[in-house]
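Notes follow the structure.
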Amino acid sequence: MNVEVQGYCDDKFAAVKDAFRKNFEEELEVGASFAATVDGKFVVDIWGGYADATMTRPWEKDTIVNVYSTTKNMTAICALMLIDRGKLDVDAPVTRYWPEFGQAGKEKIPVRYLLSHQSGVAGWDEPFPVPALYDWDRMIKLLEKQKPMWEPGKHCGYHALTFGYLLGELVRRITGKTLGTFFREEVAIPLNGDFHIGVPEEVDHRVGELIPPPMPKPGDPGSMESDLNTVSGKVMANPAAPAEASWERAWRAAEIPAANGHGNARSLARVGAAIACGGEVDGVRLMGLPTIEKALEEQIYDNDLVMNVRVRYGMGFGLPCKEMPVSPNPRTLFWGGWGGSSMVMDLDARCSYGYAMNKMAANLVDDRRIAGMAQALYTSLA
């Protein structure tokens, strides 16, 4: 598909624009956006294609989409802000802030295990339907009763949905604000970042329609474990939320801080710029560099019990490793989302980049669309 690539691209980064266009030419995209900053300033901010599967709505400058787990970057940033302010201690037990959490063997779990996917509270034993995710109090009560799925601290296992509720409840207990409200007031508005955890109805017309990926067969790379007797099945298939759920107003309106953030590449790169520049950009300070350095400390590098791939976790983010080589630079924080979206914050290059699209890929890692653009970006930076 030939598309007109719109937006701004510094001449030095023309190869990024070429890689973006190539994804459309190879029929890998329907609608997408990519943006990058260096020293807090945009060097790339491009978009193109269509916001719907029928290709009747152009992807506009202000089109936003559900970026699934790329949302976790924003949730982790909120937690780090409280750490920076001395309100949240990563070595304190979760029960210091949330006493009811201390049930079923969770009494001594430290906050850092929630941030690094080591707590064992990666999912729920009790089955429930997708709409239950929209009921914060119900999810919290289930987490309070939930026993760890492995000995906390001994392994890592991706907290696909629980990550957002666990950290979100800590934010609520400490600040009195929901995660979505805290993020909006303390991050999105000050930075003018068009990212929402809980989408207001008045921006619905700007939301692009996700195009569900072809579902892999059991045993194929990227296939989801569906056996609810296994850790992976309990995490990834309870509830079995199809991509089509993102089309519904109830999904968009809810606060699911691990999975239903809506934004575009510009908002991802904009928020990421504050982290890549040491905690502050354009006079807006989110946190100090020492707090970011804590996030960069490796917490565990092991086979993830849920995703069945080796992952290197820092505090709230992934860290570069040979299995996920998102950056050539070690002082980099990142995470991506189901379908292909991504947010990367590179402190060594003082560079951030974001990618958001509506044509979802089936694979969980190694999306060649973002890989091509990232390679072009780093080549241009050299």
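The values are calculated or read from the model by the stated rules, or taken from the named source; none is laboratory data. What you see is a predicted model; the values in this text were computed from it and never measured. Note that each Cβ is placed from the backbone with ideal geometry, even for glycine, and that neighbours are counted across all protein chains shown.
Kindly establish whether GLU151 is among the charged types (D, E, K, R) and surrounded by 24 or more Cβ atoms within 10 Å (Cβ to Cβ). It is false that GLU151 is among the charged types (D, E, K, R) and surrounded by 24 or more Cβ atoms within 10 Å (Cβ to Cβ). Of all the listed residues (ALA15, ALA35), the sole one being out of contact with any Pro (no Cβ under 9 Å at 6 or more places or on another chain) and crowded, with 18+ Cβ neighbours inside 10 Å is ALA35.
Restricting attention to segment 12-28, which residues are within 16 Å of ALA374 (Cα to Cα) and of a type in the set (D, E, K, R)? If the condition is that a residue be within 16 Å of ALA374 (Cα to Cα) and of a type in the set (D, E, K, R), then LYS12, LYS17, ASP18, ARG21, LYS22 are the ones that fit.
Go through segment 288-310 and give me each residue that's not in a loop (DSSP other than H, G, I, E, B) and not aromatic (Phe, Trp, Tyr).
LEU289, PRO290, THR291, ILE292, GLU293, LYS294, ALA295, ILE300, ASP302, ASN303, ASP304, ARG310
For segment 282-299, the candidate set comprises residues that are without any contact (Cβ under 8 Å) to a residue 12 or more places away in the chain and farther than 15 Å from LEU333 by Cα; within that set, the residue that is surrounded by the most Cβ atoms within 10 Å (Cβ to Cβ) is ARG285.
Which of the residues that make up segment 141-186 are of a type in the set (Gly, Ala, Ser), part of a loop (DSSP other than H, G, I, E, B) and out of contact with any strand residue (DSSP E or B) (no Cβ under 7 Å at 6 or more places or on another chain)?
GLY153, ALA160, GLY176
Using the structure shown, decide if LEU167 is buried (at least 18 other Cβ atoms within 10 Å of the Cβ) and either among the small types (Gly, Ala, Ser) or farther than 30 Å from GLY40 by Cβ (or both). So LEU167 does not fit the description; no. Reported count of residues in segment 187-219, each being assigned to a helix (DSSP H, G or I) and either closer than 23 Å to SER116 by Cα or not charged (D, E, K, R) (or both), is 7. In the set (1) in contact (Cβ under 8 Å) with a residue 60 or more places away in the chain; (2) aliphatic (A, V, I, L, M); (3) in contact with an Asp or Glu (Cβ under 9 Å, 6 or more places away or on another chain); (4) part of a loop (DSSP other than H, G, I, E, B), LEU88 fails one condition alone, (3). If you check GLY7, GLY48 for being touching a Lys or Arg at 6+ places or on another chain (Cβ under 8 Å), farther than 29 Å from LEU286 by Cα and not in a loop (DSSP other than H, G, I, E, B), only one passes: GLY48.
Tallying residues that are out of contact with any Lys or Arg (no Cβ under 7 Å at 6 or more places or on another chain), modelled with pLDDT of 95 or more and of a type in the set (A, V, I, L, M, F, W, C) within segment 307-323 yields 2.
Once segment 331-373 is narrowed to residues that are in contact (Cβ under 8 Å) with a residue 60 or more places away in the chain and charged (D, E, K, R), the residue that is farthest from PRO320 (Cα to Cα) is LYS359. Under the condition of being out of contact with any strand residue (DSSP E or B) (no Cβ under 8 Å at 6 or more places or on another chain) and either of a type in the set (A, V, I, L, M) or more than 19 Å from GLY164 (Cα to Cα) (or both), which residue from segment 323-365 is surrounded by the most Cβ atoms within 10 Å (Cβ to Cβ)? Ranking the qualifying residues of segment 323-365, first place goes to LEU364.
Which one is nearest to VAL38 (Cα to Cα) among residues in segment 311-361 that are of a type in the set (Asp, Glu) and outside any strand (DSSP E or B)? Residue satisfying both the conditions and the ranking: ASP348.
Please verify whether ALA79 is in contact (Cβ under 8 Å) with a residue 24 or more places away in the chain, buried (at least 24 other Cβ atoms within 10 Å of the Cβ) and among the hydrophobic types (A, V, I, L, M, F, W, C), treating the condition exactly as stated. The answer is yes for ALA79. Against the definition (part of a loop (DSSP other than H, G, I, E, B), touching a residue at least 60 places away in the same chain (Cβ under 8 Å) and either buried (at least 20 other Cβ atoms within 10 Å of the Cβ) or of a type in the set (Gly, Ala, Ser) (or both)), how does ALA376 come out, yes or no? So ALA376 does not fit the description; no.
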